[in-house]
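Since the structure comes first, as structure tokens, the remarks are kept for the end.
Where a number appears in this text, it was derived from the coordinates with a stated rule and is not lab data. Values in this document were obtained by computation on a predicted structure and should not be read as measured data. Note that each Cβ is placed from the backbone with ideal geometry, even for glycine, and that neighbours are counted across all protein chains shown.
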Amino acid sequence: MRTAGALAVGLVVTAVFQVGCGSDQVETRNTEQIYAEEGVPVRVATVELTEFRTEFTYTATLTGIRESSAYAAIADRVAAIHVKVGDRVAKDDVIISFPTDNPAAQYYQAKVSFENARTSHERIENLYASGGVSRQALDNSQAAREVAEANWDAVRQAVEVKAPIDGVVTKIDVQESDNVEEDVELFTIARLDTMKARVWVAEKDVAEFIEGLPATARWNDRVLAGRVTQVDMSINRDRQAFGVVIAFDNPGIIAMSGITVDLTIATYSNPHCVVIDRKNIQNEDGRSVVYVAADGAAMKRRVSTGRTQGARVEVRDGLVPGELLIVEGQMLLEDGAKVKIITAPPPPGA
């Protein structure tokens, strides 16, 4: 049995040897030999000019460029609401009224006190004009009148709550006959023709931001165009970031106060430049190099790079539109190596 097994193995070995030495010999080549004879297989992309932008994206809340709320100065029942949400109002228009007979307001007492002080001051002025009283008496009368008028104004503002700014009534938090407590929010007025948002920028990025940078805000299918209007020069201690304010045109009031938008700020733009993927750039002794394919060979090319955005890199010098940039297989190359393009780039304009 041992003799038969050894013989069988010997026959197999002899057969393999004979095949290898016969006319049908199979030549074995290693990878280096294949690359040297046929070229290193690579994929290429045509170098083209395109736009390069660096952008920062945030989620932010839009509010009116000016926005102000009014609060109840006294606890009482809402007597009347003179506007509705969406109405345009002017500063000092009366928006909400409270009863004038509220003891806490002392409406009539303040009114009578002011009227008396005004009448008294007018009498003192006449006396002073005729030399009947001193200048000190006139000054005291004037002061008393001003104090009474200030008290009367405060009482009226508590009873007749006015619009703090020009704008649109964006919300009313109470209804007629509601009993409200002091300091309860009553309504909000905003200027909505222009909206604003504040975003928080990390310390490492704030140098990229200057006033005037373009921005867009997207909400559902609507897009608002805007500009950076303010870049804080001191860091917010709580957020450990710098505040940046952006203003947006809001024609036709298409966006409402309080909505959440996807906000993009473009910090840099080069409309005509070469842009390549970061993975196609190699570092050699602190220099950035790429490989291009020309006449069946790889050519090492030093490039000067600019800004980056994600995986994309702006190339400022070293590549010319129309050249074939090697985008796969470059790690196997050296300058002058033979290459075999396995995927041809599409023709220009295709």
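Here are some notes:
- Once both labels are positioned 7 Å from their Cα atoms along Cα-to-Cβ, the gap between Leu49 and Ser97 label points is 7.0 nm.
- Peptides 127-133, 260-266 ordered by average Cβ neighbours within 10 Å, highest first: 260-266, 127-133
- Residue order, fewest to most beta carbons within 10 Å, for Asp87, Asp295: Asp295, Asp87
- Straight-distance crosslink candidates among aspartates and glutamates, where the alpha carbon sits under 16 Å from Lys204 and sequence neighbours closer than 8 are dropped: Glu55, Asp232
- Sparsely packed GluC sites (Glu not before Pro) within segment 106-140, loop by DSSP, other Cβ within 10 Å at most 15: none
- In summary, the helical segments of the chain meeting the span-like criteria, namely a full DSSP H run, a Cα extent along the axis of 27 angstrom or more and a mean Kyte-Doolittle hydropathy of at least 0.0, are 2-21.
- Here the residues Ile276, Ile253, ranked from fewest to most Cβ neighbours within 10 Å of their Cβ, fall in the order Ile253, Ile276.
- Most fluctuating residue given options Ala150, Ala241, Ala137, as computed from a GNM of the chain linking Cα atoms under 10 Å: Ala137
- The stretch between Asp166 and Met331, if pulled fully straight at 0.36 nm per residue, gains 52.8 nm over its current Cα-Cα span.
- Cα centroid separation, segment 198-273 to segment 58-117 (Å): 34 Å
- Take every Cα pair under 8 Å whose residues are at least 6 apart in sequence, average their separation, divide by the length of the chain, and the relative contact order is 27 percent.
- Largest GNM mean-square fluctuation across Gly39, Gly329, Gly286, computed for the chain with C-alpha springs under 10 Å, falls on Gly286.
- By definition, a body whose alpha carbon gyration tensor gives a ≥ b ≥ c is prolate when a/c is 1.5 or more and a/b is larger than b/c, and segment 67-186 fits this prolate description.
- Note on Lys162: lysines with a C-alpha under 29 Å away, same-chain residues under 8 apart excluded, are Lys84, Lys91, Lys111, Lys171, Lys196.
- Reach of Lys340 by Cα under 24 Å, taken over lysines that are not fewer than 8 positions away in the same chain: Lys279, Lys300
- Segment 298-318 and segment 153-188 have their alpha-carbon centroids 60 Å apart.
- The GluC sites (Glu not before Pro) found in segment 181-218 that occupy coil by DSSP, while having at most 16 further C-beta atoms within 10 Å, are Glu181, Glu182, Glu203, Glu211.
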